[in-house]
1. Take every Cα-Cα pair in region B:46-101 and report what % of them are more than 16 Å apart.
2. Diagonalise the Cα gyration tensor of the protein assembly as shown and give the resulting equivalent ellipsoid semi-axes, square root of 5 times each eigenvalue, largest first, whole Å.
3. Restricting attention to the alpha-carbon atoms of chain B, what are Rg (one decimal) and Dmax (integer), both in Å?
4. How long is chain A along each principal axis, judged by its Cα atoms, biggest number first, in Å?
5. Any idea how far apart A:E14 and A:K54 come out in nm if each label point goes 7 Å out from Cα toward Cβ?
6. Quick check: net charge around B:P31, other residues with Cβ under 13 Å of its Cβ, Lys/Arg +1 and Asp/Glu -1?
7. Taking the Cα of B:Q45, stepping 7 Å toward and past its beta carbon, and measuring to each backbone N in region B:85-114: which are under 13 Å?
8. How high is the relative contact order of chain A, in percent, counting Cα pairs under 8 Å that sit 6 or more residues apart?
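Each value in this text was obtained by applying a stated rule to the coordinates, not by laboratory testing. Given the structure is predicted, the values throughout are model-derived calculations rather than measurements. Cβ sites come from the backbone with ideal geometry, for glycine too, and all protein chains shown count toward neighbours.
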Amino acid sequence: EAGVTQFPSHSVIEKGQTVTLRCDPISGHDNLYWYRRVMGKEIKFLLHFVKESKQDESGMPNNRFLAERTGGTYSTLKVQPAELEDSGVYFCASSQVIAGTGELFFGEGSRLTVL
Amino acid sequence: AQSVTQPDIHITVSEGASLELRCNYSYGATPYLFWYVQSPGQGLQLLLKYFSGDTLVQGIKGFEAEFKRSQSSFNLRKPSVHWSDAAEYFCAVGVTGGYNKLIFGAGTRLAVHP
């Protein structure tokens, strides 16, 4: 069974440009989460989808970040325009149980470098 | 505010030595606690979790952790470290119940000397 897949694995862009990160969760997993780790600091929660709906987006840093989950399958996280402080590793995770008791499976992360 | 503290940024141990990674949390209610490991080039993998019950929990790869409410701690231990354990370890607390929203510590990077 395929795990959580993230693309691209590494993206280098200039300040002011746009980047879109994609996450394909494990098939059948209704929960999808985005987390971010900035330069050796804590991994921080960004948001949580249940199917195509945003359940909790309290961790989104500002309106330059837009997350979508089309049809409750894959998700995209767009950063527009990117700033230097957006550099970091963006992790996606998925789980099966809506109640939150099902194990979270993480992807390998997408590393974003903003120059 | 809810938080997780991992006091040790880097730890180096010799292969075969015992290991303890420290984790302290700040959370008002009964915590859901987790340890994750990230090996180079891989995603985060769950080592073990505590939801309720026995405060000593066993995980994969020979790891265990003990929940101590009085100390707000959830330290990870392994009696004999293998070279393949070299990785970064993250402690986390679930703040909305279960896995739905995790607060992570900054991580502890473990190096293993032969």
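1. Percent of Cα pairs beyond 16 Å in region B:46-101: 48.
2. 29, 20, 16
3. Both quantities, over Cα of chain B: 13.4, 42 Å.
4. 38, 26, 26 Å, listed from the longest principal axis down.
5. In this crude spin-label approximation the distance works out to 3.0 nm.
6. +4
7. Hits in region B:85-114 for B:Q45 at 13 Å: B:85-89.
8. Contact order relative to length: 37 percent.
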